[in-house]
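Report on the following structure.
Computed from the coordinates by the stated procedures, all read-outs in this text should not be read as laboratory data. These numbers were taken from a predicted model, which means no experiment stands behind them. Glycine gets a Cβ as well: all are built from the backbone with ideal geometry, and neighbour counts include every protein chain shown.
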Amino acid sequence: MVDKRAAVLGSPIKHSLSPYLHRAAYAAMGLDGWRYGAAECDEARLPALLAAIGSGEPVPGLPPGGPWAGLSLTMPLKRAVLPLVDTVSALAVEVGGANTVVFRDGAAHGDNTDVYGIERALAEAGVPAPSGALVLGGGATAASALAALRNLGLGAATLVVRDRSRAGETAAVAERLGVALRVEQFDKLEALLDVDLVISTLPGGAADVFAPSLRGVPALFDVVYSPWPTSAAQAVLRAGGTVVGGFEMLLHQAVRQVELMTGHADVPVEAMRAAGEAEIARRAGL
């Protein structure tokens, strides 16, 4: 296989686990000449950076070498990239965001592996397809969560946000997905928790203030991965519920990215898991 390069873009980017996950995959797969970097990039810089990559120009901070295989995208680029690529997968169109760009046949293709990551994380934890679900937060990850719920057979869900007037983009995603969406604010949370699954897409432990309310839910998927477990996750665990953490989503979306970028189906999940967990432990001083 021709040696290639890939990278993760976003802002802020310095704490991304993607380099550790992808490099571990390359090492275990024997792709010794493949390189994976990381670059700080906001929405304003993205068009020029993509143009430079497409033309083969060197990009400061990104690895030199062979042809580009692909890019991983994090905040705030998942929606901004859609008009900048040549084609977009049907799923990325539905969700309104791409976290992956694959370079193939002289073109850039946008895709979404976050949905796959959510589905695999839930399956790995043994969480059954829910009959009712609540999604906390209204950003790009919430949109992917709605797609995952749709793929699990759920035709309706409730979105809980701080301000209903700012949920328009996520409501539009639900309409494209064919999911009947009820939008409520957090002051109504207590009355909405008669569901099988709560997915919190809130950042940095923001769901912890709701831990007393959440402790009785059968299953909680909290997309935070550090520090872990969050107070919300601990509350659910203590009550005997099932908890899924954000690292599992991050791991499996990266596995799918490696598949797409390398064309290999035999991606070493456990090697990637070990590398990610080791880096999280290092950062925590464990």
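Between residue 43 and residue 107, the modelled labels are 2.6 nm apart [label points 7 Å from Cα along Cα→Cβ].
Relative to one another, the C-alpha centroids of segment 252-280 and segment 174-200 are positioned 31 Å apart.
DSSP beta bridges fully contained in the chain are about 20 percent antiparallel. By the rule of a C-alpha distance below 30 Å, with chain neighbours fewer than 8 residues away ignored, the lysines paired with residue 14 are 4, 78. Using R0 = 45 Å, the C-beta based FRET efficiency linking residue 237 and residue 165 works out to 0.85. Remark: the chain carries a charge dipole of roughly 300 debye about the Cα centre, counting +1 on each Lys and Arg Cβ and -1 on each Asp and Glu Cβ. A crude spin-label estimate for the pair residue 209 and residue 82, with each label 7 Å from Cα along the Cβ direction, gives 3.0 nm.
For the chain, the membrane-span-like helices by this rule, meaning whole DSSP H stretches whose C-alpha atoms cover at least 20 Å of axis and whose Kyte-Doolittle mean is -0.5 or above, are 246-262, 269-283; this says nothing about an actual membrane. Between the beta carbons of residue 129 and residue 172, assuming R0 = 35 Å, the FRET efficiency works out to 0.90 to the nearest 0.05. Using only side-chain charges placed at the Cβ, +1 for Lys and Arg and -1 for Asp and Glu, the dipole size of segment 134-286 relative to its Cα centre rounds to 200 debye. Put a dot 7 Å past the Cα of residue 55, heading toward its Cβ, do the same for residue 90, and the two dots end up 3.6 nm apart. Placing +1 on each Lys and Arg Cβ and -1 on each Asp and Glu Cβ, with no other charges, gives segment 81-188 a dipole about its Cα centre of roughly 300 debye. Mean separation of Cα pairs under 8 Å and 6 or more residues apart, divided by the residue count, gives the chain a relative contact order of 17 percent.
Stretched out straight at 0.36 nm per residue, the stretch from residue 265 to residue 14 would grow longer than its current Cα-Cα span by 87.5 nm. Here segment 47-101 and segment 128-158 have alpha carbon centers that stand 26 Å from each other.
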